[in-house]
Amino acid sequence: MNIRLLSALILSVCFLQKSNGAPNVKVCDLESSCKNVTETSAICLFEEETHCIRKFASLCHLLIAGCREHKVLSDYSDVYCLLDTYLCEETPTNERWTIFYGHGKD
(Lines give C-alpha, C1' and ligand atoms only; values in the text may rest on other atoms or scores of the structure.)
Protein backbone atom coordinates (compact mmCIF):
# COMPACT_ATOMS: atom_id res chain seq x y z
CA MET A 1 0.00 0.00 0.00
CA ASN A 2 2.82 2.42 0.73
CA ILE A 3 4.30 1.84 -2.72
CA ARG A 4 0.98 2.71 -4.39
CA LEU A 5 0.66 5.86 -2.31
CA LEU A 6 4.22 6.89 -3.10
CA SER A 7 3.69 6.20 -6.82
CA ALA A 8 0.50 8.26 -6.82
CA LEU A 9 2.28 11.11 -5.09
CA ILE A 10 5.14 11.08 -7.62
CA LEU A 11 2.75 10.98 -10.56
CA SER A 12 0.67 13.86 -9.19
CA VAL A 13 3.78 15.99 -8.68
CA CYS A 14 4.87 15.23 -12.26
CA PHE A 15 1.45 16.24 -13.60
CA LEU A 16 1.52 19.45 -11.57
CA GLN A 17 4.91 20.34 -13.01
CA LYS A 18 3.70 19.55 -16.52
CA SER A 19 0.51 21.61 -16.12
CA ASN A 20 2.46 24.76 -15.31
CA GLY A 21 3.52 24.84 -18.95
CA ALA A 22 6.85 25.39 -20.62
CA PRO A 23 9.42 27.60 -18.91
CA ASN A 24 9.32 31.26 -19.83
CA VAL A 25 11.20 31.82 -23.07
CA LYS A 26 12.40 35.35 -23.53
CA VAL A 27 11.89 36.66 -27.05
CA CYS A 28 14.51 39.21 -28.11
CA ASP A 29 13.71 42.16 -30.34
CA LEU A 30 14.99 42.25 -33.89
CA GLU A 31 17.78 44.64 -34.83
CA SER A 32 15.44 46.18 -37.39
CA SER A 33 13.41 47.56 -34.47
CA CYS A 34 16.29 49.90 -33.53
CA LYS A 35 15.44 53.42 -34.72
CA ASN A 36 17.51 56.59 -35.23
CA VAL A 37 20.84 54.79 -35.67
CA THR A 38 23.59 57.14 -36.83
CA GLU A 39 27.38 57.22 -36.65
CA THR A 40 27.15 59.16 -33.39
CA SER A 41 24.83 56.59 -31.76
CA ALA A 42 27.59 53.95 -31.57
CA ILE A 43 28.21 52.48 -28.14
CA CYS A 44 31.04 50.19 -27.04
CA LEU A 45 31.18 47.48 -24.43
CA PHE A 46 34.19 46.19 -22.50
CA GLU A 47 34.15 42.38 -22.78
CA GLU A 48 35.44 41.04 -19.48
CA GLU A 49 35.95 37.51 -20.81
CA THR A 50 38.07 38.47 -23.83
CA HIS A 51 39.46 41.78 -22.48
CA CYS A 52 38.58 43.70 -25.60
CA ILE A 53 35.95 46.21 -26.70
CA ARG A 54 32.89 45.29 -28.79
CA LYS A 55 31.31 48.04 -30.87
CA PHE A 56 27.54 48.26 -31.46
CA ALA A 57 25.61 50.59 -33.75
CA SER A 58 23.47 51.81 -30.83
CA LEU A 59 22.40 51.05 -27.28
CA CYS A 60 19.41 49.24 -28.76
CA HIS A 61 21.75 46.86 -30.64
CA LEU A 62 23.76 46.27 -27.45
CA LEU A 63 20.62 45.40 -25.47
CA ILE A 64 19.50 42.97 -28.17
CA ALA A 65 22.93 41.29 -28.12
CA GLY A 66 22.69 40.97 -24.33
CA CYS A 67 19.25 39.40 -24.66
CA ARG A 68 20.48 36.89 -27.27
CA GLU A 69 23.51 35.97 -25.18
CA HIS A 70 21.43 35.80 -21.97
CA LYS A 71 23.74 38.31 -20.29
CA VAL A 72 23.43 41.70 -18.65
CA LEU A 73 25.88 43.85 -20.61
CA SER A 74 26.52 46.76 -18.28
CA ASP A 75 30.08 48.01 -18.81
CA TYR A 76 29.49 50.20 -21.87
CA SER A 77 30.27 53.77 -22.92
CA ASP A 78 30.69 55.82 -26.06
CA VAL A 79 34.17 56.72 -24.76
CA TYR A 80 35.26 53.07 -25.15
CA CYS A 81 34.74 53.48 -28.91
CA LEU A 82 37.72 55.87 -28.98
CA LEU A 83 40.02 52.99 -27.94
CA ASP A 84 40.09 51.40 -31.39
CA THR A 85 43.34 49.57 -30.58
CA TYR A 86 41.39 47.38 -28.17
CA LEU A 87 38.42 46.56 -30.44
CA CYS A 88 37.69 42.82 -30.55
CA GLU A 89 38.72 40.92 -33.64
CA GLU A 90 36.02 39.13 -35.63
CA THR A 91 37.53 35.73 -34.86
CA PRO A 92 36.81 34.34 -31.39
CA THR A 93 40.42 33.36 -30.64
CA ASN A 94 43.52 35.36 -29.76
CA GLU A 95 41.84 38.78 -29.70
CA ARG A 96 44.16 40.18 -27.10
CA TRP A 97 47.37 38.87 -28.72
CA THR A 98 46.64 40.90 -31.85
CA ILE A 99 47.32 44.03 -29.85
CA PHE A 100 50.75 42.88 -28.72
CA TYR A 101 52.01 41.16 -31.86
CA GLY A 102 50.24 43.16 -34.56
CA HIS A 103 48.60 40.27 -36.42
CA GLY A 104 45.40 41.85 -37.69
CA LYS A 105 42.68 40.57 -39.95
CA ASP A 106 43.95 39.06 -43.20
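Structure above, values below:
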read-out	value
Qualifying trypsin sites (Lys or Arg not before Pro) in segment 43-88, DSSP loop, other Cβ atoms within 10 Å at most 16	LYS71
Where LEU73, LEU87 fall by accessible area, highest first, once all protein chains stay in place (1.4 Å)	LEU87, LEU73
For GLU47, residues with placed amide H under 5 Å, excluding near neighbours	CYS52, ILE53, ARG54
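The values are calculated or read from the model by the stated rules, or taken from the named source; none is laboratory data. For clarity, every value in this text was computed on a predicted model and none was experimentally measured. Every residue, glycine as well, gets a Cβ built from its backbone with ideal geometry; the counts of neighbours run over all protein chains shown. Accessible surface is based on the protein model in full, side chains and every heavy atom, while ligands, DNA and RNA are left aside. Shrake-Rupley method; radii C 1.70, N 1.55, O 1.52, S 1.80 Å.
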